[in-house]
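Reading through the structure tokens given below for one structure.
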Amino acid sequence: MDEAELLFTDLLKCDRMSLYQNKDTILDKDKGRLAASVLKRRSEGEPLQHILGKSDFFGFEFKVTPDVLIPRPETEILVEAAIGYIRKEQTQETTLDILELGTGSGCIAVSLAKSLQGIYITATDISGKALAVARENVFLSKVSESITLLQSDLFYLCNRAYDVIISNPPYIPSSEIEKLQPEIQFEPRIALDGGSDGLHFYRRIISEGAHYLKSGGLLLLEIGLGELEGVKNIFSGSREFQILHVVIDHNKIDRVIVAKRTGEYGQASN
């Protein structure tokens, strides 16, 4: 459905077919005012997901607010890659311990928990407001037994090693944020700002990550447009990781790096 269809099916509590079958229906005064208000908000650039209070991701519905990054289709590539690698690594007898850094709405952690058996996820975020949204999504998705939420600046409050670390960190260069489309200005800057070159959080995750990843464990990172070589260079300065694969998204953009903790220098393979 397009944006107008999404707005009006939600407003009128009907499906797409009913929307067109009843296209001559006259809205009552209250619904008319609500429709006018919603259309005004959208015309001013407010994201559709904020207006609806929800977003679809990986086939599931998530609550979203201005306190969290709106889930993107590109991040589904990260989840797909994680599921594929976890299924290869996992045996029926094992429970894998997963750490997600910067969970935001919780969409990555919940999608993994809904899609995989035998995993336990610790999902961190520095923002207490974001964690409140994530907590609601975990509860509504009925995966509370599989996910623990932790307010932490990346690894700060983590105290053990994990089998898998996954993250979609902020990766937009600071100077570029205000140049982006109006919708993005409604999202929390803390979830977007990757420092002067967009690579600040990759440096932190890669330099600190080996201490929180078991030998042979996997590190999966979403990356931004044009950042592959920069992130590869950060990995090349570490003796702890080998890049296994670079996943390309549907627009042929390098989107996800999959690395393994080996204790050795590694080279990327596409």
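Just so it is clear, none of the values below were taken in a lab; they were calculated from the coordinates. A quick note: this is a predicted structure, and the numbers were derived from the prediction, not measured. Ideal geometry is used to build each Cβ from the backbone, glycine not excepted, and the neighbour counts take in all protein chains shown.
Being touching a strand residue (DSSP E or B) at 6+ places or on another chain (Cβ under 7 Å) and over 20 Å from LEU221 (Cα atoms) is a description that applies to ARG135.
Condition check ((1) surrounded by 20 or more Cβ atoms within 10 Å (Cβ to Cβ); (2) within 23 Å of GLN49 (Cα to Cα)) across all residues:
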site: LYS114; (1), (2): no, yes
site: SER141; (1), (2): yes, yes
site: CYS158; (1), (2): no, no
site: TYR162; (1), (2): yes, no
site: PRO170; (1), (2): yes, yes
site: PRO182; (1), (2): no, yes
site: ASP197; (1), (2): no, no
site: ARG204; (1), (2): no, no
site: SER207; (1), (2): no, no
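Restricting attention to the stretch 172-187, the residues that are in contact with a helix residue (DSSP H, G or I) (Cβ under 9 Å, 6 or more places away or on another chain) and closer than 20 Å to SER43 by Cα add up to 6.
Filter the stretch 143-156 for residues that are among the aliphatic types (A, V, I, L, M) and under 28 Å from THR91 (Cα atoms); which is surrounded by the fewest Cβ atoms within 10 Å (Cβ to Cβ)?
LEU150
For the stretch 26-66, a residue qualifies if it is more than 30 Å from SER115 (Cα to Cα) and hydrophobic (A, V, I, L, M, F, W, C), and the qualifying residues are ILE26, LEU27, LEU34, ALA35, ALA36, VAL38, LEU39. Scanning the stretch 116-131 for residues being exposed (fewer than 15 other Cβ atoms within 10 Å of the Cβ) and either aliphatic (A, V, I, L, M) or under 17 Å from PHE60 (Cβ atoms) (or both) gives a total of 1. The residues in the stretch 15-56 that are among the hydroxyl-bearing types (Ser, Thr, Tyr) and in contact (Cβ under 8 Å) with a residue 40 or more places away in the chain can be counted, and the count is 1.
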